[in-house]
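One structure below.
The values are calculated or read from the model by the stated rules, or taken from the named source; none is laboratory data. Here the structure is a predicted model, which is why all the values come from computation and not from measurement. Note that we place each Cβ from the backbone using ideal geometry, even for glycine, and neighbour counts take in every protein chain shown. When the accessible area is computed, the model is the full protein with side chains, heavy atoms only, and any ligands, DNA or RNA have been set aside. Shrake-Rupley method; radii C 1.70, N 1.55, O 1.52, S 1.80 Å.
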Amino acid sequence: MRQHGEQHPGVQAPTGDSDGFRLNHTMLRTKDPQSSLGFYSRVFGMSVVRRLDFEEMQFSLYFLAKLEQGDTLPEGPGERTVWTFSQKGLLELTHNWGTETQEGRIYHDGNAEPQGFGHICFSVPNLEAAEAWFDANDVEFVKRSDQGKMKNVVFVKDVDGYWIEVVQANRLASLGD
């Protein structure tokens, strides 16, 4: 039995042609990979599962995942690449070589005008503990869980200014009611 999401105007029933498709990763450009990798590994517990360097085009890709207990990664580079591109929910950080020497934030976060890309999202087991962890790590807040009209939703910024939504799933049951 095929399960489908909620029905909305404009949504078409998927056909078998898209069977096996999955959202693999979201890419963010990063000015300084050392700072960004430090942020995502320290604050969100992510690991680099694959790095690809493209010397001729002067950029590097870092694929990050939140690995869980028992997760194992293939050893060989080819197998690791295939594994990486078959996962769900990875974050790809793209570093265009030389940007780390530029002053200030250099990428548009998508939330300033003109708006476009908005944010990535992490689900956490305890929102208050996450907020305390962010404070302890000097993470920049856009909105805390007790602020604004949408309670129980946190927004923080990464080192490049991209927004990260942080939620505790069981606190969101009443959304849309």
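Side notes on the structure shown:
- One residue stands out in segment 92-105 among those that are in contact (Cβ under 8 Å) with a residue 24 or more places away in the chain and in a helix (DSSP H, G or I): the one that is most open to solvent (accessible area, probe 1.4 Å), namely E100.
- Residue check for A130: more than 23 Å from K66 (Cα to Cα), under 20 Å from the mean Cα position of the chain (by Cα) and open to solvent by less than 60 Å² (accessible area, probe 1.4 Å): no
- Considering the conditions (1) over 15 Å from the mean Cα position of the chain (by Cα); (2) over 18 Å from G161 (Cα atoms), L67 is excluded by exactly one of them, (1).
- Criterion violated by H108 - all others in (1) in contact (Cβ under 8 Å) with a residue 40 or more places away in the chain; (2) over 13 Å from the mean Cα position of the chain (by Cα); (3) open to solvent by 70 Å² or more (accessible area, probe 1.4 Å) satisfied: (1)
- Test: residue in segment 109-132 that is within 16 Å of D32 (Cβ to Cβ) and in a loop (DSSP other than H, G, I, E, B): yes
- Considering segment 136-177, the residues that are in a loop (DSSP other than H, G, I, E, B), touching a strand residue (DSSP E or B) at 6+ places or on another chain (Cβ under 9 Å) and of a type in the set (D, E) include one that is surrounded by the fewest Cβ atoms within 10 Å (Cβ to Cβ), namely D160.
- Cβ-Cβ distances below 6 Å connect no pair with a first residue in segment 32-46 that is at positive phi and surrounded by 14 or more Cβ atoms within 10 Å (Cβ to Cβ), a second residue that is at pLDDT 95 or above and β-branched (V, I, T), and a separation of six or more residues or different chains.
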